[in-house]
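The values are calculated or read from the model by the stated rules, or taken from the named source; none is laboratory data. Just so it is clear, the structure is predicted and the values come from calculations on it, not from any experiment. Backbone-built Cβ (ideal geometry, glycine too); neighbour counts: all protein chains shown.
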There are 2 protein chains.
Amino acid sequence: MSAELTERRKQLLKLIIQEYIDTATPVASEVLVRKYGLPVSSATVRNEMAVLEELGLLTHLHTSAGRIPTDAGYRYFVENLMDRSPLSPQEQRTIRHQFYQVRSELDQWIHLAAAVLARHAQAAALVTPPRAYEARYKHLELIAIHETTVLLVLVFQDGTIKQQTLTLNESHDQEVLSRSAGRINQLCSGRRVGEIEQLLSAEGSSIEPPLSSIERLALEQIVRAMHQIEEQANEQIHHDGLLEILSQPEFSQVERVRQVLEILEHGRGLGPLIPQALASDGIQVVIGGEHGRDEMREYSVILSRYGVDGSVVGVLGVLGPRRMPYPRSISTVRYISNVMTNLLGELYGE
Amino acid sequence: MSAELTERRKQLLKLIIQEYIDTATPVASEVLVRKYGLPVSSATVRNEMAVLEELGLLTHLHTSAGRIPTDAGYRYFVENLMDRSPLSPQEQRTIRHQFYQVRSELDQWIHLAAAVLARHAQAAALVTPPRAYEARYKHLELIAIHETTVLLVLVFQDGTIKQQTLTLNESHDQEVLSRSAGRINQLCSGRRVGEIEQLLSAEGSSIEPPLSSIERLALEQIVRAMHQIEEQANEQIHHDGLLEILSQPEFSQVERVRQVLEILEHGRGLGPLIPQALASDGIQVVIGGEHGRDEMREYSVILSRYGVDGSVVGVLGVLGPRRMPYPRSISTVRYISNVMTNLLGELYGE
DNA sequence: CTTAGCACTCATCGGTGTCGAGTGCTAAAA
DNA sequence: TTTTAGCACTCGACACCGATGAGTGCTAAG
């Protein structure tokens, strides 16, 4: 009986979780009444705790230890209980200022985003570079480097840049290369990989004048590069903030550090979370082993998509121990996500 | 008396160090005679060990513990004792093959170098991107992205690419931008930053026709970017292989992990080692706190310059615990350094 | 429904004793 | 003079013990 969530129990749960997040030690009934001046005795609190445990929101490690939240407990906290306070105007200003300083350096954005996320959420941060759903050709440049070697710089519509080298049979001067690049630019501007492939196939061989050997070679590289980009679309994940989480008590055994590194570097355990975040609006919070992923049992992730919908998007978020300051982390992820979205919006036109 | 380094003592020292590197536990006299079938008794070995300790080549943590090498011991080992065996042809082939696969992707080289170093030397790897001593302008491209925003892609003679965005007062079409870029390319090709600055100053205002506002803006960005590149010349260090060293016993306390992270991410403690390696031929081995750097007392680094002398150079190497398989690490660093040097040589002409 | 009281549980910590690895020394053997 | 056997001594590692104390669960009274 009475296994229902009364208002008092909710408040108690909230306090317990906040306290645990704060102190990283199991919270005892006694401590709660003292610290927060509850109008009831510790015994009552204990009774309530027992009910919350029955409901699956709390556990304890052994009989004479304080309570700690379960995944479900955290989930309920995140969804119904926690105070959603955005970052302070002061913090927002600082962050905006940092981004303002690198506003023109596209490739710094993800570094900065990861660094700021890590510092403000005190967790490991992960950011995937913003990518278009499908690569579209924007611009090619061929630059003579040395005799028969040519630097091929490829720019896509989402701002991604790829550089490759090309080795030719005979040396050509910059003049010729520029003309070839110009021609390819005209042929391919705004095209998808499929359309460019056609230029190379029989179908495309009807173009006049026929493609020079340089042009063919360059086009082949372009097609290869575009396929490559689409394959590894959101696979490469930039991360930062290892140092931040090392100071947290849950990482006092190296084994944990190794696990996190494996998640961050190889994406082990992250599984479908990134694509999922990419496909859905709003903030995704995954607590512990919620989705049955064993490697993640001890960790939580908060992810958010960012970017211009339908044009160029990425995912950013934080990874930390299950005992994570959810309100703050979520606010941080949300804010940085917005900042990045705005930046990209300015770049590509909202 | 008799505190001199006889042949037998040298051989003993070599064995002790090899054994310690292997097992990570202080080595006992008894173990040595048994494992290597020495023609003397453990007592004799103990006497010899005492002499080696007197010479400052060995220590022990407490009276009844086996011996471990001191920095000087390792140093003597590296310089006079160890077997210098290059990587096996099999390994060399594997490595060359891996590099062959990414031969055209310039920006993959440092990633691959770090990854291969880390895996083969079982240590943390660090690689600075290859840089010219001073930046020289190679090529500029201006690409209209959206209304008044323009993507500026800047290529330097050493292959470095920088991308920036530029916001103009009014929108211009690609035609105009390309013409401006072409003009700047003509003006700046192969120039150093100083010469380009002159174009912007009073002295340069005599060019005809006078620079358009777009051209001025672009030039300003170019100058800024070149200064930036020269400042952070070899400051950014790419690293890899944290996971490799985590499994080593010396990193069983997180504190050590933090230290290494701080060295790798912020270059703390590396101090002048990188510039030093950049300035000298051959392989640099720094063992423990040899050069009085306290943060490094527990670690050793092996660095090598790579690249085309006088044209474009970088530094690569490994960082590991003092107890490091020096012969193997040194061979690996040497080999990868050669591979990278060859790759760059092909690119820029030997 | 709340609470005081109390028994019970369990991790933590300091202290103690034992064990074994390893050295250092000494005196005898080579 | 060098080597070696023998042995005392040192010190870390480990297990065990009991005390301590935090914290719960239960019960019976308010």
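Tabulated data for the structure shown
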quantity: Selected residue (only one of A:Glu255, A:Glu262 is in contact with an Asp or Glu (Cβ under 8 Å, 6 or more places away or on another chain) and surrounded by fewer than 21 Cβ atoms within 10 Å (Cβ to Cβ)); calculated: A:Glu262
quantity: All positions within region A:159-185 that are closer than 26 Å to A:Leu343 by Cβ, of a type outside the set (A, V, I, L, M, F, W, C) and either part of a strand (DSSP E or B) or more than 11 Å from chain B (Cβ to nearest Cβ) (or both); calculated: A:Lys162, A:Gln163
quantity: Region A:84-107, residues that are in contact with a Phe, Trp or Tyr (Cβ under 9 Å, 6 or more places away or on another chain) and assigned to a helix (DSSP H, G or I); calculated: A:Glu91, A:Gln92, A:Ile95, A:Phe99
quantity: Hey, B:Arg224 among the basic types (Lys, Arg) and either farther than 25 Å from B:Pro129 by Cβ or in the same structural domain as B:Gln157 (by TED's automatic domain parsing) (or both) or not; calculated: yes
quantity: From B:Arg323, B:Arg293, residue being at pLDDT below 95 and surrounded by fewer than 24 Cβ atoms within 10 Å (Cβ to Cβ); calculated: B:Arg293
quantity: Qualifying residue in region B:95-113 (condition: more than 14 Å from chain A (Cβ to nearest Cβ) and free of Cβ contacts under 8 Å to residues at least 12 places away in the same chain); calculated: yes
quantity: Residues (surrounded by fewer than 16 Cβ atoms within 10 Å (Cβ to Cβ), closer than 27 Å to A:Arg328 by Cβ and not polar (S, T, N, Q)) located in region A:1-49; calculated: A:Leu5, A:Glu7, A:Arg8, A:Asp22, A:Ala24, A:Arg34, A:Lys35, A:Tyr36, A:Gly37
quantity: Qualifying residue in region A:69-78 (condition: within 22 Å of A:Pro249 (Cα to Cα) and either modelled with pLDDT under 95 or of a type in the set (Ser, Thr, Tyr) (or both)); calculated: yes
quantity: Residue match in region A:41-63 (condition: more than 14 Å from chain B (Cβ to nearest Cβ), under 21 Å from the mean Cα position of the chain (by Cα) and either closer than 21 Å to A:Leu316 by Cα or free of Cβ contacts under 8 Å to residues at least 60 places away in the same chain (or both)); calculated: no
quantity: Count of region A:144-158 residues which are at the interface with chain B (Cβ under 8 Å from one of its Cβ atoms) and in a strand (DSSP E or B); calculated: 6
quantity: Failed criterion for B:Leu211 (all others in (1) modelled with pLDDT of 90 or more; (2) in a loop (DSSP other than H, G, I, E, B) hold); calculated: (1)
quantity: Search result, residues across region B:108-128 that are surrounded by fewer than 22 Cβ atoms within 10 Å (Cβ to Cβ) and not in a helix (DSSP H, G or I); calculated: B:Gln122
quantity: Only one of B:Thr128, B:Thr148, B:Thr94 that is over 30 Å from A:Gln228 (Cβ atoms) and β-branched (Val, Ile, Thr); calculated: B:Thr148
quantity: Filtered residues of region B:1-49 (kept if in a helix (DSSP H, G or I) and within 11 Å of DNA strand D (Cβ to nearest atom)); calculated: B:Arg8, B:Arg9, B:Ser29, B:Glu30, B:Val33, B:Ser42, B:Ala43, B:Thr44, B:Val45, B:Arg46, B:Asn47, B:Glu48
quantity: Residue in region A:325-338 that is among the aromatic types (Phe, Trp, Tyr), under 19 Å from A:His120 (Cα atoms) and touching a Phe, Trp or Tyr at 6+ places or on another chain (Cβ under 8 Å) present; calculated: yes
quantity: Residue check, A:Leu38 within 12 Å of DNA strand C (Cβ to nearest atom), touching a Leu at 6+ places or on another chain (Cβ under 7 Å) and not aromatic (Phe, Trp, Tyr); calculated: yes
quantity: Region B:52-76 - residue that is surrounded by 20 or more Cβ atoms within 10 Å (Cβ to Cβ) and assigned to a helix (DSSP H, G or I) and, of those, farthest from DNA strand D (Cβ to nearest atom); calculated: B:Tyr74
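Table: residues versus (1) surrounded by 14 or more Cβ atoms within 10 Å (Cβ to Cβ); (2) within 30 Å of B:Gln259 (Cβ to Cβ).
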residue: B:Gly159; (1), (2): yes, no
residue: B:Ser171; (1), (2): no, no
residue: B:Arg183; (1), (2): yes, no
residue: B:Ala225; (1), (2): yes, no
residue: B:Leu246; (1), (2): yes, yes
